[in-house]
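Below: the structure, in structure tokens.
The values are calculated or read from the model by the stated rules, or taken from the named source; none is laboratory data. The structure displayed is predicted, hence computed values, not measured ones. All Cβ positions, even for glycine, are placed from backbone atoms using ideal geometry, and neighbour counts span all protein chains on display. What goes into the accessible areas is simple: the full protein's heavy atoms, side chains included, and nothing from ligands, DNA or RNA. Shrake-Rupley method; radii C 1.70, N 1.55, O 1.52, S 1.80 Å.
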Amino acid sequence: MSGTPIAVSMGDPCGIGPDIILKAWKASADGTELPNAFVVGDPEVLRKRAEALNLTITIKQYESGMPLARSDAQIPVLDHGVKASGIPGHPTHEDAVCTIKAIDLAVDAISHSLASAVVTCPINKDVLYKAGFVHPGHTEYLGALAEQQTGKRSTPVMMLAGPELRTVPVTIHIPLQDVSEVLTRSRIVETVEIVANDLKDRFGIDDPRIAIAGLNPHAGENGSIGREELEIVVPAVEALKASGISVQGPLPADTMFHASARKAYDVAICMYHDQALIPAKMLGFDDAVNVTLGLPFVRTSPDHGTAYDIAGSGLANPSSFIAAMNLAAEMAERS
């Protein structure tokens, strides 16, 4: 799909999504690499935010399928017809509807070959829940949209990709006390198989080296600090090795992320959310990218939230968003 633009969903219009979009296009005008893209959302929110940030950028109406000539001084916006207040830091029900509609149309553009990838700006799940959103998070919602598109089961897998480290949590948005109940051999195996396939197909890594973390301190110390490693993780590792995937583990999570250890693998599979996200954000807070694997389309997003406290202030850093745009373009070229 070379040459096809990226669809960018505006995210929560009251967060820093509009800020980072505007600042990324401004950075592009100043020489930073940015692929062809259009934004899906309420163009008036971007106009008002540009004024608030004192940025001279034209918001141009975009129609699906319109030829897209690169212009650093203009942001093409597909108006999805849902108006939002866009008041920085003060989301409303209408803003939540705007957020969801932007995601829907961005994915729809993919299904009609009008976009090569989707880059999603940050959302706030609590705001969406109050508007009737029933999915645990962004990733799960994209999986549901993929199933609607294809009629096939989709298992989205969240990966944090930075310059120094890639991590994948096997379990995501669940309480820590529930992890051991949800964690199964089959869940680990399926996650690793999806990761291995996408690292080959979309990252160009022919034989991915995969490190698998233990759940307990010191990876359980042979059962003396928990038996999940012996009963769940080790059988999963053995099954994956038997299938020809290059895996090692379970490894103690407190020693597997230092510089020399990271040289031995291409991705770390972690057992729960923070086990994966803490090292990824420590090593690449400004330029790590959230990538959803296991979907029939490419999706990336910046690795941060809505940051209501700085929305509209000019303090938002667009680095992770720019990295998400460039990674999406690279992945789409391989798809």
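Based on what the data block shows, is G220 at pLDDT below 95, open to solvent by less than 50 Å² (accessible area, probe 1.4 Å) and assigned to a helix (DSSP H, G or I)?
yes
Do you know which residues across segment 319-331 are open to solvent by 10 Å² or more (accessible area, probe 1.4 Å) and touching a strand residue (DSSP E or B) at 6+ places or on another chain (Cβ under 7 Å)?
Passing the criteria: A323, L327, A329.
Does at least one position in segment 270-279 carry a residue that is assigned to a loop (DSSP other than H, G, I, E, B), open to solvent by less than 40 Å² (accessible area, probe 1.4 Å), farther than 30 Å from T150 by Cα and not aromatic (F, W, Y)?
Taking every residue of segment 270-279 in turn, none turns out to be assigned to a loop (DSSP other than H, G, I, E, B), open to solvent by less than 40 Å² (accessible area, probe 1.4 Å), farther than 30 Å from T150 by Cα and not aromatic (F, W, Y).
Report the residue count in segment 181-213 for those that are buried (at least 18 other Cβ atoms within 10 Å of the Cβ) and polar (S, T, N, Q).
1
With (1) crowded, with 20+ Cβ neighbours inside 10 Å; (2) modelled with pLDDT under 95 as the list, and G137 as the residue in question, which single condition is left unmet?
Condition (1) is where G137 drops out.
Results for (1) more than 18 Å from the chain's Cα centre (by Cα); (2) under 19 Å from C98 (Cβ atoms), shown as yes or no for each residue.
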site	(1), (2)
G15	no, yes
A27	yes, no
E33	yes, no
D42	yes, yes
L46	yes, yes
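Looking at the structure I just gave you, is T139 closer than 30 Å to L283 by Cα, part of a loop (DSSP other than H, G, I, E, B) and either in contact (Cβ under 8 Å) with a residue 60 or more places away in the chain or among the aromatic types (F, W, Y) (or both)?
No, not satisfied.
Hey, any hits in segment 82-98 for a residue that's touching a Ser or Thr at 6+ places or on another chain (Cβ under 9 Å) and under 23 Å from A196 (Cα atoms)?
no
Need the failing condition index for Q148 against (1) assigned to a helix (DSSP H, G or I); (2) within 18 Å of the chain's Cα centre (by Cα); (3) more than 22 Å from A268 (Cβ to Cβ), just the number.
(2)
Only residues that are within 11 Å of P252 (Cα to Cα) and part of a strand (DSSP E or B): list them for segment 194-217, please.
Of everything in segment 194-217, those that are within 11 Å of P252 (Cα to Cα) and part of a strand (DSSP E or B) turn out to be A211, I212, A213.
Out of everything in segment 226-253 that is assigned to a loop (DSSP other than H, G, I, E, B), modelled with pLDDT of 95 or more and over 16 Å from V195 (Cβ atoms), what residue ends up being farthest from the chain's Cα centre (by Cα)?
Among residues in segment 226-253 that are assigned to a loop (DSSP other than H, G, I, E, B), modelled with pLDDT of 95 or more and over 16 Å from V195 (Cβ atoms), the one farthest from the chain's Cα centre (by Cα) is P252.
Considering (1) touching a residue at least 60 places away in the same chain (Cβ under 8 Å); (2) over 16 Å from the mean Cα position of the chain (by Cα), say which one K200 fails and leave the rest.
(1)
With the requirement that a residue be in contact with a helix residue (DSSP H, G or I) (Cβ under 6 Å, 6 or more places away or on another chain) and either under 15 Å from G214 (Cα atoms) or part of a strand (DSSP E or B) (or both), what does segment 280-298 give you?
V289, T292, L293 - these are the residues of segment 280-298 that are in contact with a helix residue (DSSP H, G or I) (Cβ under 6 Å, 6 or more places away or on another chain) and either under 15 Å from G214 (Cα atoms) or part of a strand (DSSP E or B) (or both).
Which condition from (1) touching an Asp or Glu at 6+ places or on another chain (Cβ under 7 Å); (2) open to solvent by 50 Å² or more (accessible area, probe 1.4 Å) is the one that S154 breaks?
Condition not satisfied by S154: (2).
Restricting to segment 6-30, name every residue that is touching an Asp or Glu at 6+ places or on another chain (Cβ under 6 Å), of a type in the set (A, V, I, L, M, F, W, C) and surrounded by fewer than 24 Cβ atoms within 10 Å (Cβ to Cβ).
A29
Please determine, by comparing only the residues of segment 80-91 that are on the phi < 0 side of the Ramachandran plot and in contact (Cβ under 8 Å) with a residue 60 or more places away in the chain, which one is surrounded by the most Cβ atoms within 10 Å (Cβ to Cβ).
P91
Which of (1) surrounded by fewer than 24 Cβ atoms within 10 Å (Cβ to Cβ); (2) within 17 Å of the chain's Cα centre (by Cα); (3) of a type outside the set (S, T, N, Q) does V298 not meet, given it meets every other one?
Of the numbered conditions (1) surrounded by fewer than 24 Cβ atoms within 10 Å (Cβ to Cβ); (2) within 17 Å of the chain's Cα centre (by Cα); (3) of a type outside the set (S, T, N, Q), the odd one out for V298 is (1).
Going by what's in this entry, would K48 be described as of a type in the set (D, E, K, R), open to solvent by 30 Å² or more (accessible area, probe 1.4 Å) and either modelled with pLDDT of 90 or more or at positive phi (or both)?
Yes, satisfied.
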